[in-house]
Amino acid sequence: MELRQLRYLVRVIELGSISRAALDLDLVQSALSQQISRLESELSTRLLQRSPKGVTPTEAGLAFFREAQLVLRHAEQAARAAQQSRLSGSVSVGMAPTTAAVLGLPLIRAMRERYPDVRLHMVESLSGHLTGMLNARQLDLAVLFDPRAGRRWSVMPLLEEKLYLIQSRRTLVGKPTARISIAQLAGRPLILPTGLHGLRSTLESAFARAKCKPTLVAEIDSLAMLMDAVDGGLGCTLQPWAAVSRFADAQERFHLTEITDMLASRVNSLCSLSDDELSPAGLAARVVLSDCAREAVRSGRWVGARLVGV
């Protein structure tokens, strides 16, 4: 027995006609008749007396009608109570520019759909700054690349991203390759973020294992400016695919060469205040964010990423 069947029967009895009730409920008459018949079969009794002039409830139908009206009123009260007590509050989320390029809008949309009364505060900044903000409790949660700097954080690994040598197609010399090792980057002019940020520490370790030093021509702590410099042919960079995801014409502008070294990758971890400090809105946002990351990877929207912890 379903609530909709109760609504159908109540409306048929109120209007005294299956055809008028079908029109009022925006149903095909045969579909409405079928639902009433199923209800009668389930109850093993006749609820309506049909005649050329319309329908009237049987004695059993009248008794059922009264109770059904009460059930529907209670259902409406339950729905109103749920809506009035739905989750509210605010939550602040930090993402690095590359992460925000892929996850930012999907998170905003998903939070608006699932928790419309929660006010979402989004912060886009480099990971080193986000680490400090999370430690200072200026953020509730953030996607970071080096969770070791946390103080009483809750840490959930989300995904691992491949790294690519990214260069402007306008300054390519010779036939570009699909894959390259860190050792083969010796002498390449590189533009990287400074050592305060998670990606730079990952790259420093990769170069140390390859026993070579990067040739730095600039250090830029702004993804937009860094990619403008690469686009202008001032040097190459080492970044995940997400660094070019905001360019509608990325394939025409940039050539991406996958880094083959096994440990030359970046892990994105969902870091938050400890569970006992996180508000219900923060706990909900953490679940929604991990869901968005999972969907982005599984749908293929996040190129070069694989799930590791969700």
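Structure notes:
- Residues within the reach of a label modelled at L196 (point 7 angstrom out along Cα to beta-carbon, backbone nitrogen below 14 Å), restricted to segment 219-243, are 219-223.
- Among Y115, Y8, a tally of other beta-carbon atoms within 10 Å of each Cβ gives an order, fewest to most, of Y115, Y8.
- Normalised per residue, the volume of the convex hull around the Cα set of segment 164-263 (Å³): 93
- Within segment 226-246, backbone nitrogen closer than 19 Å to the virtual label 7 Å beyond the Cα of R179 toward Cβ: 239-241
- Counted residue by residue at 0.36 nm each, then reduced by the alpha carbon distance between them, the extension gain from R4 to S51 reaches 14.5 nm.
- Shown here for segment 160-216: trypsin sites (Lys or Arg not before Pro) in loop regions (DSSP other than H, G, I, E, B) with at most 14 other Cβ atoms within 10 Å, namely K211.
- Choice from T202, T177, T98 with maximal GNM fluctuation in the chain (Cα, 10 Å cutoff): T177
- Candidate lysines for bridging to K211, where Cα separation is under 25 Å - those fewer than 8 sequence places away on the same chain excluded: K162
- Relative contact order (%) - the chain, alpha-carbon pairs under 8 angstrom, separation at least six: 22
- Residue-averaged [θ]222 nm for the chain, counting only DSSP H segments that reach four residues, each worth -39500 (n - 2.57): -13500 deg cm²/dmol
- Here, P(r) means the percent of Cα pairs in each 5 Å bin from 0 to the largest distance; for segment 3-84 it is 3, 15, 25, 25, 17, 8, 5, 2, 0, 0.
- Solvent-free Debye calculation, one equal scatterer per alpha-carbon of the chain: log10 I(q)/I(0) at 0.13 Å⁻¹ equals -0.89.
- Between the alpha-carbon centres of segment 117-191 and segment 51-73 there is a gap of 64 Å.
- In segment 221-283, taking the dipole from charged Cβ atoms about the Cα centre, the farthest positive-side position among C236, A264, A224 is held by C236.
- Lys/Arg +1, Asp/Glu -1 at C-beta; segment 77-144 dipole; positive extreme among L120, G89, I108: G89
- Short-range pairs are left out: with C-alpha atoms under 8 Å and at least six residues apart, the relative contact order of segment 164-263 is 51 percent.
- Share antiparallel - DSSP beta bridges, the chain, percent rounded to 5: 60
Read-outs: derived from the displayed coordinates by stated rules, not from any lab. The model shown is predicted, which means the values in this text are computed figures rather than measured ones. Cβ sites come from the backbone with ideal geometry, for glycine too, and all protein chains shown count toward neighbours.
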